[in-house]
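Okay, so here's the structure we're looking at.
Values quoted throughout were computed directly from the atomic coordinates according to the rules given, and no laboratory measurement underlies them. Predicted model only: the values in this text are computed from it and were never measured. As a convention, Cβ positions derive from the backbone with ideal geometry for all residues, glycine included, and neighbour counts pool all protein chains shown.
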Amino acid sequence: MAGQHQCIEFVPTKDGGRFRTAKDYRTNPAGEGNALTADTATTSFDTLTAVDTSVARDDFVFVGNVNGGDVYDTSKSWPIQSVTAAAVGQGRNTITLNLPAGVTAPAGYEGGRFVVIPQNERAVTYTCVNPGTDGNGTGKGVIYRVTGYMPGKAPATACPTGPAILVTKVSDCNILYRESQGATQQSGYMQLRLGLSEGGESARLTMGAHVENTP
């Protein structure tokens, strides 16, 4: 929050699914598949779910938001080089990364899930500016949708704005997010209160949702 500004930031995803967490020596001794583990670095891994055709080169794979803010560390998002069909019996697709040194799964993460972050939209912020009413009882606040920037590990010191207006005539706006206390901070609760007013008439909405903060 900065003065009359409030905002919340999200990392959008365009796809996701499950990846192979171990080689399949039992049923495929001659072709055990490409696994992503915490022990051995790899430049490719098989998915056990189909990858959408919209996933393209230079999109990013992210695995395991173990420390709550890991997803905002761009060094932990892995650029995709290609997505191809997996060998028969080894999975649905093979994701090859544009990282010659390879990667390992985050230590302590056992979820076996990945998400794909679009390369042209690494983060999105919704900013509510100057809620309240004018002398005619009409909301004078505005909500902006801001994107096209690189997220950072440290929280922003001020809420950004931009040309993309999402909502006008905002008379009341409150954004609340609380992380569940614990070692991994992998879940939380978000509540949004929004009021719109025009000519002295108002409509208000309050909604909340539990947030799973881990892919």
Quick one: what are the phi-derived ³J(HN,Hα) couplings along the stretch 196-202, Karplus 6.51/-1.76/1.60 with θ = phi - 60°, whole Hz, x for glycine and proline? 10, 9, 8, x, x, 9, 10
Taking R0 as 30 Å, what FRET efficiency do you get between Tyr149 and Ala22 from their Cβ-Cβ distance, rounded to the nearest 0.05? 0.20
Taking N as the number of residues in the chain, what is its Cα Rg relative to 2.2 N^0.38 Å? 1.25
Distance in nm between Ser187 and Asp73 label points, each 7 Å along Cα→Cβ, equals 2.4
Measure of size requested: the Rg and Dmax of the stretch 13-97, with Cα atoms as the atom set and Å as the unit; please supply both. 13.2, 40
Residues Thr40 and Ser82, FRET efficiency given R0 of 30 Å [Cβ-Cβ distance, rounded to 0.05]: 0.90
